[in-house]
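Engineer: One structure is given below, represented as structure tokens, and several questions about it will come after.
The values are calculated or read from the model by the stated rules, or taken from the named source; none is laboratory data. What you see is a predicted model; the values in this text were computed from it and never measured. Virtual Cβ from ideal backbone geometry, glycine too; neighbours counted across all protein chains shown.
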Amino acid sequence: MVFLAHPGALWVSRESATSHTGIPALMNLFEQLAAIILPVLVVPAIGFIWAKSGNTFDNRFITQLVTNVGTPALTADALTRIQMGAAPLIEMAGLTALCFLSFAVLGLIVLRFMKLANHSYLPALMFPNTGNMGLPLALFAFGDEGLAFAVVFFAISITSQFTIGMSLAAGSFSIGRLFRMPMIYGIAWALTVLAMGWEVPPYVGNTLQLLGGLTIPLMLLALGVSLAQLRVTRLPRNLLLSLVRLVGGAVIGFTVGYLADASPLVTGVLIIQSTMPVAVFNYLFAQYYNREPADVASMVVITTALSFVTLPVLLYLVL
């Protein structure tokens, strides 16, 4: 077992997990996987129980806080805290873009075969929950370096979702949405710092770390609250679409990493982020523009529930 810089973050190699034999080896592997998975299960469960108990949770306020303050700070902090330069992050951005292009192609083929409307279902097949679930999984599995690569994937995902995804649901495209996203400026600042080789002053770094630290817990709580409010309809069809999102994502993440001859860490992050369930924002857009919101909500619930079951297998394969 190898401990990385981030306290509590584990990068577990299969060789180290099976360095012993018999029951001790299985217990060792279970403990290591539990250290990664349980935080991502427990915190949403708290949000779920909180909402089911009738307690107040202002999802709109939390979403605005995370989107406009927490996420830009987390992005800037994660990208500047590691010592790897801008080149690996730019390479990760290219691989991520290839993943999303593949998601789009797969989605278009499946929806054409099933004779379903692209504007209603394609965003759900294209945009996984790379924030609420993908970021903490990458952090606990791979430490700060894995988090930085996962943040790149997440940044492209959320930027595309608020431009391409929203435009698909709305039926019109607006480039202005891109420049109204605070995260874009956090990314630009971080890449400038890395490219110029500047050292971030402690008072700036500590502030970013403090603000960014609220993002992942609030995301997970909001996910649990959202799941408590959604329902499943048309189970057979939405289950099939959910499997396309999860299985297709896993295959695409692995294939892109393999063909690019990426490092095991980068490939692992690509697989984790590509295999995440349908993002809740897809439901919000579908509801706002009346694009089969009940079906999209079902896909959010089904893919998230399936992810909780498949996460141990997924992490065993990528670590």
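Engineer: Here's a check for you: in the range 1-51, which residue that is outside any helix (DSSP H, G or I) and of a type in the set (Val, Ile, Thr) is modelled with the lowest pLDDT?
Structural biologist: Residue satisfying both the conditions and the ranking: Val2.
Engineer: Only one of (1) surrounded by fewer than 16 Cβ atoms within 10 Å (Cβ to Cβ); (2) within 21 Å of Gly85 (Cβ to Cβ); (3) touching a Ser or Thr at 6+ places or on another chain (Cβ under 8 Å); (4) not hydrophobic (A, V, I, L, M, F, W, C) fails for Pro201. Which number is that?
Structural biologist: Unmet for Pro201, out of (1) surrounded by fewer than 16 Cβ atoms within 10 Å (Cβ to Cβ); (2) within 21 Å of Gly85 (Cβ to Cβ); (3) touching a Ser or Thr at 6+ places or on another chain (Cβ under 8 Å); (4) not hydrophobic (A, V, I, L, M, F, W, C): (3).
Engineer: Output yes when any residue across the range 165-180 is surrounded by fewer than 20 Cβ atoms within 10 Å (Cβ to Cβ) and either of a type in the set (Lys, Arg) or closer than 20 Å to Asn132 by Cβ (or both), and no when none is.
Structural biologist: yes
Engineer: Given the criteria surrounded by 20 or more Cβ atoms within 10 Å (Cβ to Cβ) and either of a type in the set (Gly, Ala, Ser) or not in a helix (DSSP H, G or I) (or both), does Gly54 qualify?
Structural biologist: Judged against the criteria, Gly54 is not a match.
Engineer: Answer yes if at least one residue in the range 208-215 is among the polar types (S, T, N, Q), farther than 26 Å from Val296 by Cβ and modelled with pLDDT of 90 or more, and no otherwise.
Structural biologist: yes
Engineer: Related question: Identify all residues within the range 109-140 that are outside any helix (DSSP H, G or I) and buried (at least 23 other Cβ atoms within 10 Å of the Cβ); write none if there are none.
Structural biologist: Across the range 109-140, the qualifying residues are Phe127, Pro128, Asn129.
Engineer: Let me ask you something else. So which pairs qualify, if the first residue must be in the range 168-191 and farther than 18 Å from Arg81 by Cβ, the second must be of a type in the set (Gly, Ala, Ser) and modelled with pLDDT of 85 or more, the Cβ gap must be under 8 Å, and the two must be at least 6 apart or on different chains?
Structural biologist: Ala169/Ser120; Ala169/Ala286; Phe173/Ser167; Ser174/Ser167
Engineer: A follow-up question, please. Just one of (1) assigned to a helix (DSSP H, G or I); (2) within 28 Å of Tyr203 (Cβ to Cβ) trips up Gly85, so point out which.
Structural biologist: (1)
Engineer: Looking for something of a type in the set (Val, Ile, Thr), more than 13 Å from the chain's Cα centre (by Cα) and surrounded by fewer than 23 Cβ atoms within 10 Å (Cβ to Cβ) - is there at least one such residue anywhere in the range 90-101?
Structural biologist: There is at least one residue in the range 90-101 that is of a type in the set (Val, Ile, Thr), more than 13 Å from the chain's Cα centre (by Cα) and surrounded by fewer than 23 Cβ atoms within 10 Å (Cβ to Cβ).
Engineer: Another question, if that's okay. On the given criteria, is Thr63 among the polar types (S, T, N, Q), under 17 Å from the mean Cα position of the chain (by Cα), assigned to a helix (DSSP H, G or I) and farther than 22 Å from Ala294 by Cβ?
Structural biologist: The answer is no for Thr63.
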